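One structure is given below, encoded as structure tokens.
Only the coordinates and a few stated rules stand behind these numbers; no lab work does. Because the structure is predicted, anything quoted here is derived from the model rather than measured. Note that each Cβ is placed from the backbone with ideal geometry, even for glycine, and that neighbours are counted across all protein chains shown.
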Amino acid sequence: MKSGFVAIIGRPNAGKSTLLNAIIGKKISIVSNKPQTTRLAIQGVYHEKNLQIVFVDTPGIHKPKARLGEIMNAQAYASLQDIDMVLLLVDASKAFGPGDQFIVSRLNHLEKVMVVFNKIDLTNIALIESLKKAYATVLPKAIQFEISAVKKTFIEDLIEAIKPHLKTGPAFFPKDVLTNFPESFQLMEAIREQVLHLTYEEIPHSVAIVIDQLKSEKNHRTLYASIIVEKDSQKGILIGKNGSMLKKIRQRVMQHVEKNMGLTLSLELFIKVEPNWRDSPNRLKEYGLF
């Protein structure tokens, strides 16, 4: 059989997590319109007869403002080691800029790079052609491909384009495994995703999730979890008037878990303030981010 590892790399909000979910056919990585939604390199496993591809969804490469951002960038670059192919995902609705050039400068040494122009449903022919010329200049050996991850357009064709570049090798995961992260991580990410969807400004970037207690019984989970923020004002926003925001987060998480994980969930959420945790090596390690 053929098998291999394929890293999905790009700027924040290029659609990397949406692409991974579209490829796997199930929600593996959380999605939001907030930059830096993905904090850890998440593996999604694609299965076909005599084929297994492990796709690695990486944090968006950006100019870091805290130690957490530096760690996220380091994780993205580390994902390029011992990889069979890199998919450089590009937002085709935006012109080539300095941020794109910065990422390209880190890929020049790689042999197998495919520039994947995403969001073709949101762009126009002139911009696409301009982007193709720009990337043909900076990455002349790279293959170019067009998709819409959200519309799932040309996803099967993308898989076919990757196949010839994989080697004969063993399966890395059993056929029923779709991701490398445990259920507990998926539950934490489900909570963080709803916080991302429901809050604005600095709050999404200031939040970490910690599981205090998790009990499993058949298809039911009982979860006690803490939402960590950096300021008392953020705590007040997440609680909401008479607890309305916390209640909304809780309800949406339970719905998400039932729909996407096939589990019923009893959930209790707590808000804790930990000033400047994003710059604390001890806290980053404690929260599983370092």
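Brief remarks follow.
- Ordering of 100-107, 115-122 by burial proxy (mean other Cβ atoms within 10 Å per residue, highest first): 115-122, 100-107
- Here the range 257-290 is scanned for amide nitrogen atoms under 17 Å from the site 7 Å beyond the Cα of K231 along Cα-to-Cβ, giving 272-279.
- Spread of Cα-to-Cα distances over 5 Å intervals beginning at zero, given as percent, for the range 183-286: 2, 12, 25, 24, 18, 12, 5, 1
- Taking a ≥ b ≥ c as the square roots of the eigenvalues of the alpha-carbon gyration tensor, the range 131-187 is classed prolate because a/c is 1.5 or more and a/b outweighs b/c.
- Fully extending the segment from D82 to E258, taken as 0.36 nm per residue of separation minus the present Cα-Cα distance, adds 59.7 nm.
- Residues T58, T153, sorted so that the one with the fewest Cβ neighbours within 10 Å comes first: T153, T58
- Rough spin-label spacing in nm, given labels placed 7 Å along Cα→Cβ, for F173 and S93: 2.9
- Among the trypsin sites (Lys or Arg not before Pro) in the range 205-290, those located in a DSSP loop and surrounded by at most 16 other Cβ atoms within 10 Å of their own Cβ are K218, K231.
- Debye equation applied to the C-alpha atoms of the chain, log10 I(q)/I(0) at 0.07 Å⁻¹: -0.28
- Label-to-label distance for K132 and N180 is 3.5 nm, based on points extended 7 Å past Cα in the beta-carbon direction.
- Amide H contacts under 5 Å for I209, placed H, 5+ residues apart: I228
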